[in-house]
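Participant: Pasting in a structure now, in structure tokens, and then I'll have a few things to ask.
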Amino acid sequence: MRHTISILVENKFGVLARVTGLFSGRGFNIDSLNVAPTHEAALSRITVVLKGDDSALDLAIKQVRKLVNVVEVTDFKEGQAVQRELVLVKVKASAKTRSEVMQICEIFRTKIVNVDHNELIIELVGDSAKVSAFLGLLAPFGIIELARTGTLALKR
């Protein structure tokens, strides 16, 4: 089962390594990891998306809560959080295909952030289903490069 976990931590050296080490030590493979400061300079939010057994994850979360510098841990259940991901994708777009690529961009409400003779760089923000659908439609044109932030989540 897929889990999205939000961990509020003090902005201290080594906290990220301890948190991720605990999950990997318990056999969880992290699908996505995002870390950034919050509106309070002393705190950062770690958003982890992983797959695993519910009972093993419950034990791991209890251990994360006990770690030094961990302020709060939330395991979001389905529908409890707003989740988004940022994607930058460089796609081939020749004179022949550019209008078709731009139509797809318009449908998904993306932002074209760079235009070159034979390629576009497109920015998309959305949930993972939207991102996957968009990338699936762009694939036939030729994705040159791709960068994803991973999931960010906040409780509703």
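The values are calculated or read from the model by the stated rules, or taken from the named source; none is laboratory data. Just so you know, these numbers come straight off a predicted model, no measurement behind them. Reconstructed Cβ throughout: ideal geometry from the backbone, glycine too, with neighbour counts over all protein chains shown.
Residue-by-condition table, conditions (1) out of contact with any His (no Cβ under 6 Å at 6 or more places or on another chain); (2) of a type in the set (Val, Ile, Thr); (3) modelled with pLDDT under 95:
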{"position": "7", "(1), (2), (3)": "yes, yes, no"}
{"position": "21", "(1), (2), (3)": "yes, no, yes"}
{"position": "28", "(1), (2), (3)": "yes, no, yes"}
{"position": "47", "(1), (2), (3)": "yes, yes, no"}
{"position": "52", "(1), (2), (3)": "yes, no, yes"}
{"position": "58", "(1), (2), (3)": "yes, no, yes"}
{"position": "70", "(1), (2), (3)": "yes, yes, no"}
{"position": "86", "(1), (2), (3)": "yes, no, no"}
{"position": "110", "(1), (2), (3)": "yes, yes, no"}
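Participant: Scan the stretch 1-19 for residues that are surrounded by 12 or more Cβ atoms within 10 Å (Cβ to Cβ) and under 15 Å from residue 36 (Cα atoms) and jot them down. Walk me through it before giving the result.
Facilitator: Step one: filter the stretch 1-19 for residues surrounded by 12 or more Cβ atoms within 10 Å (Cβ to Cβ), giving 3-12, 15-16, 18-19.
5, 6, 7, 8, 9, 10, 11, 12, 15, 16, 19 - these are the residues of the stretch 1-19 that are surrounded by 12 or more Cβ atoms within 10 Å (Cβ to Cβ) and under 15 Å from residue 36 (Cα atoms).
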